[in-house]
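S.K.: This structure is in structure tokens; I'll ask about it shortly.
The values are calculated or read from the model by the stated rules, or taken from the named source; none is laboratory data. Because the structure is predicted, anything quoted here is derived from the model rather than measured. Cβ sites come from the backbone with ideal geometry, for glycine too, and all protein chains shown count toward neighbours. Ligands, DNA and RNA are stripped out before the accessible areas are found, and what is left, the full protein with its side chains, is counted by its heavy atoms. Shrake-Rupley method; radii C 1.70, N 1.55, O 1.52, S 1.80 Å.
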Amino acid sequence: MATEVRYICKRTVVSTKAVEPGKYFPLSALDHHMQHNHIRLVCYYQGSGESLELGEITKKLRESLSEMLTHFPMVTGRLTRDEIGHWKIKCNDAGLRVVEAKAKGTLQQWLPNLYREKELQLVHWEDMFHKPYYWSTFYVQLTEFEEGGLAIGLSCVHLLADSISAISFMKAWADISMGDKIITPPLFHPLPLTRHANTNPNPNDHHHMELIHHYKSIIGKPISFKEARYTTISLGFSAQMVKACISMAQSNSPITPFEALAALFWISLSKVRGLRNGLVDMSICLDMRKVLGLDTGFFGNCMVYNKVHEVEGEDEKLKFGEAVRAISDVVGRMEYKGVMDLIEWLENGDDVNSATMMNGHDLVCTSLEGVEPYFVFENGLKAIHVSCYVEPVLGEGQILILPGPPGEGPLSRVAMVTLREEEATKLCEVELISQFSPTILMKFQ
């Protein structure tokens, strides 16, 4: 494995236009709450344009990246502390780190034998230095396959961006590389004002406590950092498979692919654990941009976690329908008022610099349904596969639900499932999942 990818160099890429001096970006309560996690995104591209010499694609992409960074001063800045010790970004155009690499063979030879450790060779990451002011918060790795194909790895600290923002960063880069304007420009404005920031708060307002109770319960729990080996499997569900899964819920209300697949994995993992009646503890994580009335280009953290209440029963089909309804109910209750009350509670708390991680306890199922991660770069480079990781993985594990690749239909989905090794090997054997015969895109090594 060590010889499959050869690292050539690491360099700093800055924007083509200098940032105005003295510019800072404050970070929100949702940003600070995610500071101990980081994101890794790997996008695979197959070329359909003219054949270029090895290294030429990397050079072209480096140039378009530099041009694109003009629109992302937050990304090329560095972390520093404000007067009360909270993180903020100084926009000093220090740049981001770019690693250039080459991999043996073709992309088509690489993908069928994909596993977690192999894929993570394609996305460089460095933990925060003891002097964070000199630390790059974003990294890009460009890996050309010697006989055709390209992988772009993007990693960033979760403090600055959620998975939606990381994908929108890639989309902006693709737009620039094609000679176009950025279709959805990044917006770096603050979250909506909470009541304590309002000069005329309504004394009759009352907090919506569901989200606050969930975050409070997570913050109050110690995180176990005991050694556990996790692995990731990735399963592709065609539009027909997802339709069948939704139909199995036998619901009179509309069901989203995320709700159906989240229930599928929730029950299946519980079966792997040997639970007969109850289910493992699970939280869901959803993008709240639309709920808060924010533009889709909002750059930062706007994903919120909530607990799904346990369902019981021994009949698997009945339990599946109940699980779908439980997830759907929680999704429906994540409304503007509750999210704003959560943000206010986080702003008023003293847990900003705590070691809390929202993925440190429950099984976390995250919806990335609302983004389109398959882009086209210059020279006819078309995305054919995308992987996403939220690290480190602790607790019961995590599931990320992404849109399926182009041509698979709007209902198709990819599920990236990260669990303890002994559980991942058994998960695909559970009949509830195997009956759909999903495509194994990443296997356990």
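S.K.: Per the Kirkwood formula on distinct C-alpha pairs, the Rh of the range 344-445 is how many angstrom?
M.R.: 16.3 Å
S.K.: Highest mean first, what order results for 51-59, 320-328 on Cβ atoms within 10 Å?
M.R.: Put in order of decreasing packing, that is 320-328, 51-59.
S.K.: Expressed as a rounded percentage, what relative contact order does the range 214-305 have, with Cα pairs under 8 Å and six or more residues apart? List each step's numbers first, then the result.
M.R.: Details: 40 pairs, mean separation 15.9, N = 92.
Relative contact order for the range 214-305 comes out at 17 percent.
S.K.: A further question follows. Sort 125-133, 156-164 for me by packing, meaning the mean count of neighbouring Cβ atoms within 10 Å per residue, highest on top. Don't skip to the end; give the middle numbers.
M.R.: Values: 125-133: 11.6, 156-164: 24.7.
Answer by packing, highest mean first, reads 156-164, 125-133.
S.K.: Further, regarding this structure: Can you tell me the relative contact order of the range 1-142? Whole percent, Cα pairs under 8 Å, sequence separation 6 or more. Working shown, then result.
M.R.: On the way: 192 pairs, mean separation 53.4, N = 142.
The normalised contact order for the range 1-142 reaches 38 percent.
S.K.: Would you kindly give the portion of the calculated P(r) for the range 17-114 that falls above 21 Å, as a percent of all Cα pairs?
M.R.: 53 percent
S.K.: Once amide H atoms are built 1.01 Å from N in the peptide plane, which residues 5 or more positions from residue 249, or in another chain, come under 5 Å H to H?
M.R.: Amide H to amide H, under 5 Å and 5 or more residues apart or across chains, residue 249 pairs with nothing.
S.K.: Per residue, how much accessible surface does the range 5-178 expose to a 1.4 Å probe? Answer in Å², no decimals.
M.R.: 38 Å²
S.K.: What value in Å³ per residue do you get for the convex hull of the alpha-carbon atoms in the range 5-178?
M.R.: 120 Å³
S.K.: For Cα pairs less than 8 Å apart in space and 6+ apart in sequence, what is the mean separation divided by the residue count of the chain, i.e. the relative contact order in percent? Before the final figure, lay out each step's value.
M.R.: Values: 904 pairs, mean separation 104.7, N = 445.
Relative contact order here is 24 percent.
S.K.: Another question, if that's okay. Structure shown: which of 104/290; 104/271; 88/382; 243/290; 88/216 lie over 32 Å apart, alpha-carbon to alpha-carbon?
M.R.: 104/290; 104/271; 88/382
S.K.: If I compute solvent accessible area with a 1.4 Å probe over the protein chains, what percent of it on the range 5-178 is carbon and sulfur?
M.R.: 49 percent
S.K.: Then there's this: When the C-alpha atoms of the range 361-409 are aligned to their principal axes, what extent does each axis show, in angstrom, from largest down?
M.R.: Projected onto its principal axes, the Cα set of the range 361-409 covers 44, 23, 14 Å.
S.K.: Go ahead and estimate [θ] at 222 nm for the chain from helices alone: -39,500 (n - 2.57) per DSSP H run with n ≥ 4, summed, over the residue count, rounded to 500. Write out the running numbers ahead of the final one.
M.R.: On the way: 12 runs with 119 residues, N = 445.
The per-residue figure over the chain is -8000 deg cm²/dmol.
S.K.: Further question on the same structure: For q = 0.06 Å⁻¹, what log10 I(q)/I(0) does the chain give under the Debye formula with an equal point scatterer on each alpha carbon and no solvent?
M.R.: These q points yield log10 I(q)/I(0) values of -0.25.
S.K.: Let me ask you something else. Evaluate the charge dipole of the range 5-178 about its Cα centre and quote only its size in Debye, nearest 20, assuming +1 on the Cβ of each Lys and Arg and -1 on the Cβ of each Asp and Glu.
M.R.: So the magnitude is around 380 debye.
S.K.: Still on this structure, please answer the following. If you count only protein heavy atoms and use a 1.4 Å probe, how large is the accessible surface of residue 12, to the nearest 10 Å²?
M.R.: 70 Å²
S.K.: Need one number: convex hull volume per residue for the range 237-306, Cα atoms only, in Å³. Mind dumping the intermediate values first?
M.R.: On the way: hull volume 10.0 nm³, N = 70.
Enclosed volume per residue, from the Cα hull, is 144 Å³.
S.K.: Give the aspartates and glutamates reachable from residue 426 as a straight Cα distance under 16 Å; neighbours fewer than 8 places away on the same chain don't count.
M.R.: Answer for residue 426, where 16 Å is the Cα cut-off: 396, listed by chain and number.
S.K.: With all pairs of different alpha carbon atoms counted, what Kirkwood hydrodynamic radius in Å does the range 1-43 show?
M.R.: So the Kirkwood estimate lands at 15.4 Å.
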